[in-house]
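Chemist: After the structure tokens below, expect a handful of questions from me.
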Amino acid sequence: MSFPSGAVAGSPPGPPEFSHPAGTFTDPFELHLSAGEETEIYYTTDGGIPDRSSRRYIEDDPIEMHGTRMIRARAYREGDQPGEVVTKIYSRLHPNVADFDSDLPLVIVHQFEETMLENCDNPDSPSNCERTLVYFSVIDRDDDGRARLLSDDLHVHGRSESNYRGTSSLSMFPKRQFGVRLIDEDDENRNEPILGMPSENNWIMHAPYDDKTLMRNAVAYRLSRDMGRYAPRTRFVELFLHDGDGPVTSGHYHGVYMLVERIKWDDNRVDITKVGPDDNQEPEITGGYIINYDRDVHFRSDERNTGFALVRPQDWDITPEQRNWISGYIGNLERALFGPDFDDPRQGYAAWLDPESFIDHHLITEALKEIDGYRLSTYLHKDRGGRLVMGPVWDYNISLGNGNYLQAYNPLGWYYTQISEEDYMNGWYTRLFEDPGFDERYRERWWELRDGPFATEHITGLIRDYADLLYESQQRNFDRWQILGEYVWPNHFIGDTYDEEVDYMVDWIEQRLSWIDSQMGTPPDKPKSQLRYFWYFGDEMANNTPFETLEPRYALVDSARIRFESALDGYPFDEDHPEWRSASMERRNRPTDINYRPEGNHGRPYDMNRMRALQVRQPFTGDGGENTMVFEVPTTGLDDVVFRFAAMDEAAADELIIDYSADGEETWTTDGLDEYRHPLTFEFRKYEIDFSEIDDAADNPDFRIRIRFDGDDMSADDGNRVTFNNFSLGTPADEPRDVSASGDDEKTRETTPDQFKLGEGYPNPFNPETTIPFSLADPADVRITVYDVTGRQVARLADERYSSGTHQVTFDAGQLASGVYLVRAEMVAGSGEQHNFTRKITLIK
């Protein structure tokens, strides 16, 4: 047989083309399908996959579209594989909603003849719950800020598996939340970015009902992100929940919902390594895990019998080895936490859990007085080789004074005193607060947050902003669900209007914050300077590795990162690609003390032997645009903003171009900047970009700074680079103190130590590597040996002569068991003078 031009024997035909895009319509129309030559099109209207037994499309017999229909079509050609399936949904609108528009995005969910399951013990479990196939469509707002139900420009549309979810809300409330798992034509996961949120396939349509402000979860998640902790992103929408094949009517309107990220593994969600079915030995088995302290129990610790549920990996796909490992890890944590040396930073609880995350979680639970806190919907996670981290926050609808039990309504008093020791994380927090250091840091962190995301004006402003956003849509919501002025469990306050509900919440949080202030002792003196973020590039950075994002070493509040956009399409490349390490952002061995901040690096003094740098490599323009560094730096609670860093040219560019965005939409501008072009030199110099006089830079969670590059030939690819170091963002008074011996901070220098010394291993505890620094006042023969606690030698790290100066060795314990090890250093100077040192290091796998 013959084939149309360009076709290859055996290759499938292209997908069918539709005469009308998917979307909504009001008047019946004829739908025409077309494909390439010598092809036939088969289609279904019942959701099934079309094959040759399905209805064949005939050109002179178009599909009559007079109701809401799902059309799935596929092209066939004799002797070839069938083409891909194409699915489109056409939603007819009843006249009573044809003119519906909103200042929120709109979602239409079509259930057709099968409504979503109402009872599902475990919404994630394939053995206990079968999801229902639905069609999920999102209509975003136009340029005028309005989303119109009559639209053929769908932001997202496609097939989804969904089910109703929840416990109390599922049985008590008629407005129900449900899960959304986007799937492709082969029923596999289909990742989509929705309404500006990062691409994923798993989402929740949260249905605020007992929370009549509609926003308590949104406020809590936003505050957690402002604290620098991941919490699910959210977008408010209005939902039409449709069934059957008739038109969408006003009766299908279901009110204001909140589209929420489901808690799961993902680079943009809980960013930890996935543990797979083959990861049954250390170090792979050490992470990552997401677990939940709630009603369900999938495993118990082997020390205090504390029960946890598995979130990732899930209960049915975790291996026995992994279940035993995480149970044993938490048992070891509890043995350390409740042991005699529990407050020892190396042997106690801090070797097993991340205290800062536990402090932050406790503070947000108490600040908002979340009545499920500590005992229900309490998530924790553990990355590979890392400690147990508390969070993310979840399910804060009974917070901010919304409950009528456990003193939830009272803005005074600690919530944790209202629950049993078992509910209080099985006594974990009680024990943590017995450590004076933990209690002191808890109070310090409170006052830090009060200068930022927990500032009264920030939280009340956030509430008012959400109220303004919802003011139009909440009226339709409460026309649909007429509960204003009515008791809905577990309401304490019952307002007659939406404004009254919001005012009550604002008044409650003002009282709450003031009361906690009264319990936290005298606030510390305001620092003369405030460092908000600091990026330190050390020797722990992976070498020869193209980076897309980099988190700061230090963040006082909020969540910040550097995001790199390469000039080359397809970045980052692998080692076999011809453009490997071109137009890349990666590590560079080029230290400098210019703008170095000890307070941004765990208080450590400048050490050129441990410092690295960050390079951006040629070419700077290409098929993907231009090399660009975007600094996402929320300035929540910060009035004056100054951005500082060190940079130098290494034969790659002539100057830096700096601008900023204040609207979260990456609308870049240089308005208010004295200079936005900054010349580069062949030695490190300090750059200071002052945003203090720019109002949009202050107290802005969406603030971003961008660095681009200019020069004579930006397409050159000679392997040259621009190198950066010590990025910081803070206040005008946040000038780094002199960290050099001479006071000259404009160039890199090395000083000779005045003593022999063996430094602390870093990191410590560690897995599987730690770096051990040592310094020599004079040249010396150095032997460094590692022993286990029985005195058996396990490694020889150095046995040679070193010059005077600062040096380091690396200990790789990948083949050793967890435990305490001793590092012994013997240093014999030329004069015969001998120095011996011993340090403890702790390996945790």
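Chemist: Output the number of residues of segment 191-232 satisfying the condition of being basic (Lys, Arg) and modelled with pLDDT of 95 or more.
Modeler: Total satisfying the criteria: 2.
Chemist: Looking at this structure, is residue 295 over 20 Å from residue 392 (Cβ atoms) and surrounded by fewer than 16 Cβ atoms within 10 Å (Cβ to Cβ)?
Modeler: no
Chemist: Please tell me if residue 277 is touching a Lys or Arg at 6+ places or on another chain (Cβ under 8 Å) and surrounded by fewer than 16 Cβ atoms within 10 Å (Cβ to Cβ).
Modeler: No.
Chemist: Which strands (runs of 3 or more DSSP E) sit wholly inside segment 162-227 and have at least 3 residues that are more than 22 Å from the chain's Cα centre (by Cα) and touching a residue at least 12 places away in the same chain (Cβ under 8 Å)?
Modeler: none
Chemist: Of the conditions (1) farther than 30 Å from residue 173 by Cα; (2) outside any loop (DSSP other than H, G, I, E, B); (3) among the aliphatic types (A, V, I, L, M), residue 583 fails just one. Which one is it?
Modeler: Residue 583 satisfies all of (1) farther than 30 Å from residue 173 by Cα; (2) outside any loop (DSSP other than H, G, I, E, B); (3) among the aliphatic types (A, V, I, L, M) except (2).
Chemist: Here's a follow-up. May I ask you to list the residues in segment 633-675 that are among the aliphatic types (A, V, I, L, M), under 21 Å from residue 537 (Cα atoms) and outside any loop (DSSP other than H, G, I, E, B)?
Modeler: Matches in segment 633-675: 642, 646, 647, 648, 656.
Chemist: Let me confirm something: among 199, 171, which residue is out of contact with any helix residue (DSSP H, G or I) (no Cβ under 9 Å at 6 or more places or on another chain) and either surrounded by 21 or more Cβ atoms within 10 Å (Cβ to Cβ) or within 30 Å of residue 533 (Cβ to Cβ) (or both)?
Modeler: Only one candidate qualifies: 199.
Chemist: Residues in segment 316-325: is at least one assigned to a strand (DSSP E or B) and either surrounded by fewer than 15 Cβ atoms within 10 Å (Cβ to Cβ) or out of contact with any Asp or Glu (no Cβ under 8 Å at 6 or more places or on another chain) (or both)?
Modeler: no
Chemist: Working only within segment 794-819, note down all residues that are more than 27 Å from residue 755 (Cβ to Cβ) and either part of a loop (DSSP other than H, G, I, E, B) or polar (S, T, N, Q) (or both).
Modeler: If the condition is that a residue be more than 27 Å from residue 755 (Cβ to Cβ) and either part of a loop (DSSP other than H, G, I, E, B) or polar (S, T, N, Q) (or both), then 813, 814, 815, 816, 817, 818 are the ones that fit.
Chemist: Residues 373, 385, 401, 437: which one is touching a residue at least 40 places away in the same chain (Cβ under 8 Å) and in contact with a His (Cβ under 7 Å, 6 or more places away or on another chain)?
Modeler: That would be 401, the only listed residue that is touching a residue at least 40 places away in the same chain (Cβ under 8 Å) and in contact with a His (Cβ under 7 Å, 6 or more places away or on another chain).
Chemist: Counting only residues that are surrounded by 13 or more Cβ atoms within 10 Å (Cβ to Cβ), give me the strands (runs of 3 or more DSSP E) lying completely in segment 38-120 with at least 3 of them.
Modeler: Counting at least 3 such residues, we get 40-44, 69-76, 86-92, 106-110.
Chemist: How about segment 475-533: which of its residues are surrounded by 19 or more Cβ atoms within 10 Å (Cβ to Cβ), charged (D, E, K, R) and either in a loop (DSSP other than H, G, I, E, B) or out of contact with any Ser or Thr (no Cβ under 6 Å at 6 or more places or on another chain) (or both)?
Modeler: 512, 532
Chemist: I need the full set of residues from segment 272-301 which are of a type in the set (Asp, Glu) and either assigned to a strand (DSSP E or B) or free of Cβ contacts under 8 Å to residues at least 60 places away in the same chain (or both), in order please.
Modeler: 278, 279
Chemist: Just one of 24, 45 is modelled with pLDDT under 95 and under 26 Å from residue 180 (Cα atoms); which is it?
Modeler: Result: 45 is the single residue among 24, 45 that is modelled with pLDDT under 95 and under 26 Å from residue 180 (Cα atoms).
Chemist: Something else about it: Please verify whether residue 289 is crowded, with 18+ Cβ neighbours inside 10 Å and within 23 Å of residue 768 (Cβ to Cβ), treating the condition exactly as stated.
Modeler: Yes: the conditions hold for residue 289.
The values are calculated or read from the model by the stated rules, or taken from the named source; none is laboratory data. No experiment lies behind these values; they were computed from the predicted model shown. Neighbour counts are summed over all protein chains in view; Cβ atoms, including those assigned to glycine, are modelled from backbone coordinates with ideal geometry.
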